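Written out below as structure tokens is the structure these notes cover.
The values are calculated or read from the model by the stated rules, or taken from the named source; none is laboratory data. Predicted model only: the values in this text are computed from it and were never measured. For neighbour counting, all protein chains shown are included, and Cβ atoms are generated from backbone atoms with ideal geometry for every residue, glycine included.
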Amino acid sequence: MNPRIVLKRGKEKAILAHHPWIFSGAIARADDALDGGTVDVFDSAERWLARGYYNARSQIAARVWTWNDEPIDRAFLHARLQRAIAARDALIDRAATDAYRLVNAESDGLPGLVVDRYADFVVVQFLTLGIEERKDEVVGLLQELLEPGGMYERSDVDVREKEGLAPAVGVLRGAEPPNLIEICENNLHFLVDVKRGHKTGFYLDQRENRKRVAEFLRPAPHAPEILNVFSYTGAFAVYACAANSNARVVNLDASRDALDLARKNMRLNDCDARGEFVEGDAFQVLRRCRDASRTFDAIILDPPKFVHSQSQLQSGLRGYKDINLLALKLLKPGGTLATFSCSGQVSAELFQKVVFEAATDAKRDVQIIAKLSQSPDHRILLSFPESEYLKGLVCQIVA
Ligand code: SAH
């Protein structure tokens, strides 16, 4: 028998609707539940609801493994991992793309676990204590199921602190990844630093959006000038150049290292001669472009997360509005803006409203030509709205 947690009256609704999180405020009693251990969840009338793992240190005090009465053992983990991997096998054209998310945590029924493939390597994040406790089992199963050349841990994420865990980075199995791994994404080539890069090395969630955005840049009649703001390692720039052989792209980022890698990536795809690399703060550089009356045919805005918590919502929205306002002013009539937000707290509706406000202030009439989300390997679980975080709009300035 597992230790039990009993919910307060009326707090069972979300769990009954298969939301996988139980907040500490919803729990009436946690009896002898152990941090990181398995617990059975009951409603206030002591009816069994679900089985999950517990951590009193976290505001998300429990996360659900299953709504069925089944043991959380090796066979359970094996089945969940296999299901997630099989879903990607069916989705990804491996001849064109060898870097993608294999396991997307709660959305794949594996709370706190992220697994990304980069060519022959696998990069793993253990985000919570409950999954950390299963690390050996998970690593062994991934080795069996994927047989990678090497498995590397990138559990250097802020959320671990909330779980009472220190960051953890290093080789889990097999070979240490080289400093740069070459991956293939939609038949384009990129060097990825899985040991020091953002997230697990690359923004895999933008894969399909890079393709879509580049398609809109194709028909430009002349040599289009594109500004890739928050370029990181230049992925959008490479796609744009591949789609339009006349395109020129200015990559703008605050990180010198990211820009150095962007240059290498453009070279790898034979388009570095059409790239420019500007180090600086996006807000300042865009203002300077405005003051110099510089214009562009297309601008890509893929900023870092501006809103990390509800308390940052207003300042974050101001950030999104400012950056979009500046970009809209720099676009030529008929120009294209691809604008994104990866802040989970900002809904697609709210983001569209912010872009609308920016357009009004910029005195531009704007048409939406596409609405974008995260790539489908970054599964969104319908009963877990928190798993939907990336949204984008491709807009055209009415000439
Ligand atoms: N579009 C990229 C991902 C962007 S990630 C891709 O497809 O791979 C966000 C980037 O914004 C990071 O590279 C970070 O260095 C950069 N950044 C963060 N704050 C910035 C600022 N104020 N000015 C310019 N760049 C910034």
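Observations on the model:
- Selection count, segment 275-330, where residues are in a loop (DSSP other than H, G, I, E, B), basic (Lys, Arg) and within 14 Å of the ligand (Cβ to nearest atom): 1
- Of all residues in segment 190-208, those satisfying the criterion of being closer than 16 Å to Lys264 by Cα and either within 10 Å of the ligand (Cβ to nearest atom) or crowded, with 24+ Cβ neighbours inside 10 Å (or both) are Phe190, Val192, Val194, Gly197, Gly201, Phe202.
- Against the test of being away from the ligand (no atom under 16 Å from the Cβ) and closer than 27 Å to Phe23 by Cβ, the options Asp108, Asp136, Asp158, Asp120 yield a single qualifying residue, Asp108.
- Residue that is farthest from the chain's Cα centre (by Cα) [pool: residues in segment 216-232 that are modelled with pLDDT of 95 or more and more than 10 Å from the ligand (Cβ to nearest atom)]: Glu225
- Taken over segment 319-333, the criterion of being basic (Lys, Arg) and within 22 Å of the chain's Cα centre (by Cα) is satisfied by Lys321 alone.
- Residues that are touching a helix residue (DSSP H, G or I) at 6+ places or on another chain (Cβ under 7 Å), part of a helix (DSSP H, G or I) and away from the ligand (no atom under 14 Å from the Cβ) were ranked within segment 265-274; the one that is farthest from Lys162 (Cα to Cα) is Arg274.
- Restricting the first member to segment 70-98 and to residues that are among the acidic types (Asp, Glu), and the second to residues that are in a loop (DSSP other than H, G, I, E, B), the beta-carbon pairs closer than 6 Å and six or more apart or on different chains are Asp98/Ala119.
- Enumeration of residues in segment 75-104 that are touching a Ser or Thr at 6+ places or on another chain (Cβ under 8 Å) and closer than 16 Å to Gly52 by Cα: Phe76
- Only one of Arg212, Arg196 that is within 29 Å of Tyr239 (Cα to Cα) and in the same structural domain as Gly392 (by TED's automatic domain parsing): Arg212
- Qualifying residues in segment 233-264 (those that are hydrophobic (A, V, I, L, M, F, W, C) and part of a loop (DSSP other than H, G, I, E, B)) - the one farthest from the ligand (Cβ to nearest atom): Ala247
- Yes/no for Ile131 being modelled with pLDDT of 95 or more, more than 26 Å from Glu161 (Cβ to Cβ) and of a type in the set (Val, Ile, Thr): no
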